[in-house]
Structure formats: structure tokens, C-alpha cells
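Since every read-out is calculated from the coordinates, none of them should be taken as a lab result. Owing to the predicted nature of the structure, the values given are computational and were not obtained by experimental measurement. FYI the Cβ positions are ideal-geometry reconstructions off the backbone, even for glycines, and counts take in every protein chain you see.
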2 protein chains.
Amino acid sequence: MTTRIVELRRGILKKNDELAAGLRQRFTAAGVLVLNLVSSPGTGKTAFLERTLRELRGHGAHAAALVGDLETDNDARRLAASGAPVRQINTHGICHLDAEMVGKHLDGWEEIALEELDYLFIENVGNLVCPSSYDLGERIRVALLSVTEGEDKPLKYPTLFNSADAAVITKIDIAEPCGFDRELALQNIHEIRPGIRIFETSAKTGVGMEEWLRYLEEVRG
Amino acid sequence: MTTRIVELRRGILKKNDELAAGLRQRFTAAGVLVLNLVSSPGTGKTAFLERTLRELRGHGAHAAALVGDLETDNDARRLAASGAPVRQINTHGICHLDAEMVGKHLDGWEEIALEELDYLFIENVGNLVCPSSYDLGERIRVALLSVTEGEDKPLKYPTLFNSADAAVITKIDIAEPCGFDRELALQNIHEIRPGIRIFETSAKTGVGMEEWLRYLEEVRG
């Protein structure tokens, strides 16, 4: 049974890669920078993204978000408070987003035209394992890690950190009560992905957001 | 392809259920209480378990732990500091433990005899989704949630909370800087699993551990 699973999984990932390649062409043609945000549940992806959307809006940029969850549209409702267009993808038990879900939800989205967007953020399902294998056509994959989670996460979930283009440390404002060992965390991230850009942020206080926004502009070019 | 996946998944889960039933008989015959600890990565399962093992030892109870991770044996080494026998299961990319892995690692474990144990803890891979579907033969499934994670986790991951026998809230010592809304968290847990026993704990300060240990003794009978 294991062989059949491996073959089937390979087939699914191949099909996903093809769909993702199509999405990537579409995104490039539209001139929109697409980012895929991956982290554990509870890292604070939604709070970080809500603040990012709000600040981008303040800078006059056009940004939208697709947000994946097993159930509920809590995150879409929270993100909508930023004023940006947001659409929820409910996976109903699937522990990751795939390119097909993203394509479908873009097609049916009356509110936005890709050509008018500067940024599209895709907030993945909270999971450090499976999302790593599914390309969504993004240009930038962002691995998020909070100061509450333990500094060894990059070593324990190498596939995510190894496939990420940027790392964001969240909840920096509570680093001290959490006993967060900053040096060790940075060292572990660099061990898995040498030279990766790392942002140390707090969605609550705004620390690190300016540098993050500058990076977004840089990459968008 | 989706139909084939669903069928194959059903086959795998059926096989797992059979193996888990065998394990459960074995555990019952040996008189050992087996608990399966499930949470997001970074909730503090290992710190909570390390303190539990240490305090049980102080009470003269015999406890051991199996600990699942994709890679590394960091957790096994941390847990071993409690003095209890600990064995690491590396899943090499699989995002959950299954009954077969548990059976295999018990069989090759020279250090312990199930009959001599009072408690066996199985620390699952950090993941709120897939472990919910895999019975490990445990008698008690424990869902853990930290004060740093957001009070809506039970609503977003209903399968786990709905299949749990007990819920443990961790890192209570940093509830305040995290802005944790206790009432909302309790309400959300009870909405998914009415009447479930909930323990509010800190592995750092020891708050709530006494009640948790009393519960373990109670269930063991």
C-alpha cells in the first residue's frame, strides 16, 4: 500500500505543479506579486497579514488576500477589517491549500481583477508540514515562526524553512516573558536556509513592519 | 483522482483502526494507561510532558513516553531529563503518528515492559489536522492549546477537539502579555466538545499540574 500511496502522491503533486505553473504565468502577466504565508496554527499569520494589508493601503498600494482554513470564515472577517478585498477558502478537512483551490477561488472572485492588484497574499492553512509540498504559483514563500513556539522549529520542519524565500518572526513584543532565545532561533533558521531574509516583527506594536514593507516593495520592483 | 484518494485513505484508516484495536487490547491487558497528546507545533507539549513525567516520578508512579517528530531527537533528549524512559519516533516527513509506528517502536524497546508501567504518554507530531484521524490505541486523547495561539482554534480544528477526552491549556503564566481571553477559549472548547475536562496549566510555574495529576490517577483507577 505504501508504494501505491507514494505513486499517487507523486501524481497529485505533479498535477499541482502544472496548475501552479499556469497560475504563476497568470500572476506574472498581471504584474501582481503573490506571497504564500505558511506557519503553525497560532503563529499569528492573520494578525501579521491584517497589519500588512492595512499598512500597504496606507501607502496607496493595492493588496488582496485569499485565506485558507479547514472551517470557519473567522480569518476572512478579521482580515476584511483592513479594508482590503479578502476571500475565504474552506478546505473542509484538507490540511493545506493547493493550486486548484487557489485557481477556483480567483476565478469566481468578482470583487478583484488581478491586473489592478500590486500584491496578493495567500494565507495557508495552519500547518508546518503539508503546505510545504504544494506550490500555489507564488513568487515568495514566507515561513512564519512566533517567539512562543520554540527555537528548534526550523530544524524540526526543515522542508518548510528550506523552501521559503523569507522568514518572519512574529510576536516579538512578548519575546521576553516567553524566554525567546533570539540568537538560537536565527542560527537555526540560517542552518536550514543560509542567507534567508529574516524579519522580526510585532503586529501589535508595529515593530519590524517598516522593514517588511520595504522588502515587499523591493521584491515587487 | 479524488475518488481514488478517498478510497485509499479509507483503506489506510481501516487498517490503522485494526492495528490500534490490537494495541488497545495489549495496553488494557498490561494495565497501563495510554494517552495521546496532540497539539499545534509550539504549544508546549514537550515542556508539559516533561513536567508531568517528573512529577509522576516524584509520586512513585512508573511512566514512559514515545515522542513523534518529523526529524531530530531533540524532544526525546529533553524528555529524558525527567528520568523516565523515552523513545523517539522519527516519521521522516509523515505529519502524524499511526498505530503501526507505535507498535513497532514498542516492540523494539528493550528498556521497558508495558506490564511494569502505570502510564505511557505518546507525544504526537505537532499538527492539529492529521493526527485526529489516527487512533493509536490510546485510552485518553488530550488536545493541547496554548494561551499564545488564539482562542478560536477549537472552532477551526473541530475534529481534534471533538475527538479529545481532555483539553489542556498551556503557558497560563504568559496569559496576560498574550492578551488571552480565557472565557472565550473555554466557551469555544465547550462549544465543540460539551463537558470536556479542561486543565489550565503552566509547565514553567507548575500551576494546574496538581489537578492534572489527580485526573490521571482518577482515570487510571
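Taking 25 Å as the limit for the C-alpha separation, the pairs A:104/A:153; A:153/B:204; A:156/B:14; A:153/A:204 exceed it in the case of A:104/A:153; A:156/B:14. Per residue of peptide A:140-148, the mean number of Cβ atoms on other chains within 10 Å of the residue Cβ is 2. Each copy carries a label point for residue A:73 at 7 Å from Cα along the beta-carbon vector; from one copy to the others these points are 5.0 nm apart, nearest first. Across peptide B:152-161, the average count of Cβ atoms from other chains found within 10 Å of a residue's Cβ is 4.
Chain B residue nearest the rotation axis toward A, with distance: B:148, 2 (Cβ to axis, whole Å).
For residue A:34, nonlocal amide neighbours, meaning residues 5 or more places apart or on other chains whose placed amide H falls under 5 Å from its own, are A:120, A:139, A:140.
Summary of the geometry: the range A:77-113 and the range B:45-112, compared by the centres of their Cα atoms, lie 39 Å apart.
Per-residue mean of foreign Cβ neighbours for B:121-127 is 3 (Cβ atoms of other chains, 10 Å radius).
Quote the relative contact order of the range B:2-220 in percent (integer), defining contacts as alpha-carbon pairs under 8 Å separated by 6+ residues.
Working: 402 pairs, mean separation 51.8, N = 219.
24 percent.
Taking Lys and Arg as +1 and Asp and Glu as -1, the other residues whose beta-carbon sits under 13 Å from that of residue B:180 total -4.
As a ratio to 2.2 N^0.38 Å, the alpha-carbon radius of gyration computed for the range A:2-220 takes the value 0.98. A Förster radius of 45 Å, combined with the Cβ-Cβ distance separating residue A:111 from residue B:183, puts the computed FRET efficiency at roughly 0.80. For residue B:11, the point set 7 Å out from Cα toward Cβ sits 1.1 nm from its twins in the other copies, listed from shortest up.
Residues A:190, B:96, ranked from the fewest to the most other C-beta atoms within 10 Å, line up as A:190, B:96.
When the square roots of the Cα gyration tensor eigenvalues are ordered a ≥ b ≥ c, the ratio a/c for the range B:116-221 is 1.5 or more and a/b does not exceed b/c, which makes its shape oblate.
The residues packed around residue B:132, meaning those with a beta-carbon under 14 Å from its beta-carbon, carry a net charge of -1 if Lys and Arg are +1 and Asp and Glu are -1. Amide H to amide H distances under 5 Å link residue B:199 with B:167, B:168, B:169, where only residues 5 or more positions off or on other chains count and H is placed in the peptide plane.
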